[in-house]
Amino acid sequence: MKATNNENSNNIDTNINNKNVQNNSNTKIFNSNDFYSGLVAGIVSRTLTAPLERVKILNQVGIYIKDGHTKYKHVGKAMRTILKEEGVSGLFRGNLVNILKAGPQSAIRFYSYGAFKRMVQQADGSISLINRVWAGASAGVVSVALTHPLDVIKTHISIKHTSSEILQVTKSIYKQDGVFGFFRGLSAGILNIAPFAGLNFTFYELIKEKTESILKTPPIYFPSIYGAFSGAITMTILYPLDVVKRRIMLQHYYKEESSKIYRNFIDALIKIAKNEGIGSLYKGIKPAYFKVIPTVSINFLIYEGTLNIFDSNKKK
């Protein structure tokens with residue numbers, strides 16, 4: 001009798017394991033709705049925050065611009081200066097290429113994150129903390145690697161004080177640095193986005209899960225709150241990496257100043273901290289907060305809302 005009970009128990013365990021394997025194999029890894037929802041979210045969020053993006057970049061690379069450390073020190077003053085010198089269009093300089101970069105990057109990031117997360121989640125849908133971070137970091141790396149040339153072009157357009165066509169700037173970069181010029185700062189970009197995406201997605205989902213365990217059905221605007229908190233926490237930790245990336249991208253403008261020629265990411269980090277002080281690694285962080293928090297907030301809100309619409313239509 002005891003042997004029979006053990007056999008029955010083993011059969012039950014085998015059936016459960018087989019069912020779990022079948023559930024995993026039937027799970028759809030890639031979901032096109034993730035891609036399209038991410039695309040819409042990227043375009044909307046970046047367009048609404050374009051002026052703050054311009055101010056952030058001008059603060060980060062201010063040392064490369066005449067009197068940059070005084071002209072763009074504060075968000076309000078920077079906005080007024082840009083409006084006075086360049087008009088309203090100055091606040092949105094580089095926004096077209098910004099959209100061309102932000103839309104695909106957001107689409108690829110959400111699409112990749114959804115796929116990577118489904119690859120490592122258990123049959124019941126649970127996923128470990130380490131796997132969450134890995135999925136987010138991997139998605140960030142894929143999205144940045146595929147869209148980095150657009151980020152370089154966007155940065156060049158953003159700091160110029162004359163109206164520049166995308167094609168004109170692209171030709172200028174290629175003429176001066178060749179194909180390599182479009183990938184300048186990529187290593188710093190990857191080092192930046194990998195931890196940012198990993199931590200941002202993780203903080204977002206942890207905050208979301210904790211809130212939903214308490215409120216059960218939170219209001220539809222709550223993804224914006226989750227995103228605001230996750231974005232602020234992640235930005236505080238990782239901001240210096242973005243400053244280094246921008247400096248590397250633009251260093252060839254000032255080749256006569258040897259202190260600003262950086263061999264690689266580590267060299268740039270050491271030289272900036274040594275020559276300009278640790279505080280320079282946080283140059284532009286205030287406008288960055290004003291830009292990143294609403295961007296991440298809007299990004300997740302639009303993504304979740306659009307995804308719900310797509311999923312609802314798909315079920316009909």
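If R0 is 30 Å, what FRET efficiency do you get for Arg263 and Leu83 from their C-beta distance, rounded to 0.05?
0.20
If you plug each phi of region 109-124 into the Karplus form 6.51 cos²θ - 1.76 cosθ + 1.60 with θ = phi - 60°, what whole-Hz ³J(HN,Hα) values come out, in order, with x for Gly and Pro?
Those phi angles translate into 5, 5, 5, 5, 4, x, 5, 4, 5, 5, 5, 10, 6, 6, 4, 7 Hz.
At a 10 Å Cβ-Cβ cut-off, how would you order Thr155, Thr170, Thr47, fewest neighbours first?
With the fewest neighbours first, Thr155, Thr170, Thr47 line up as Thr47, Thr170, Thr155.
Grab the other residues whose beta carbon is less than 14 angstrom from that of Leu215, score K and R as +1, D and E as -1, and report the net.
Local charge sum for Leu215: +1.
For region 33-315, what does the relative contact order come out to in percent, with C-alpha contacts under 8 Å and a separation of six or more?
28 percent
How about region 202-256: which trypsin sites (Lys or Arg not before Pro) there are in a DSSP loop, with at most 12 other Cβ atoms within 10 Å of their Cβ?
Within region 202-256, the qualifying trypsin sites (Lys or Arg not before Pro) (loop, at most 12 other Cβ atoms within 10 Å) are Lys216, Lys255.
Based only on other Cβ atoms within 10 Å, what is the fewest-to-most ordering of Met235, Met249?
Result, fewest neighbours first: Met235, Met249.
Stretched out fully, how many nm does the piece from Ile233 to Ser187 gain, at 0.36 nm a residue minus the Cα gap?
Additional length available on full extension: 14.3 nm.
From the square roots a ≥ b ≥ c of the eigenvalues of the alpha-carbon gyration tensor of region 33-315, which class results: rounded (a/c under 1.5), prolate (a/b over b/c), or oblate?
The shape class here is prolate.
What list do you get for Lys171, Lys56, Lys286 if you sort them by fewest beta carbons within 10 Å?
Lys171, Lys286, Lys56
Any read-out appearing in this document is the output of simple, stated calculations on the displayed coordinates, not a laboratory observation. As the structure is a prediction and not an experimental result, all values here were calculated from the model. Here the Cβ is made from the backbone with ideal geometry for all residues, glycine too, and neighbour counts use every protein chain on show.
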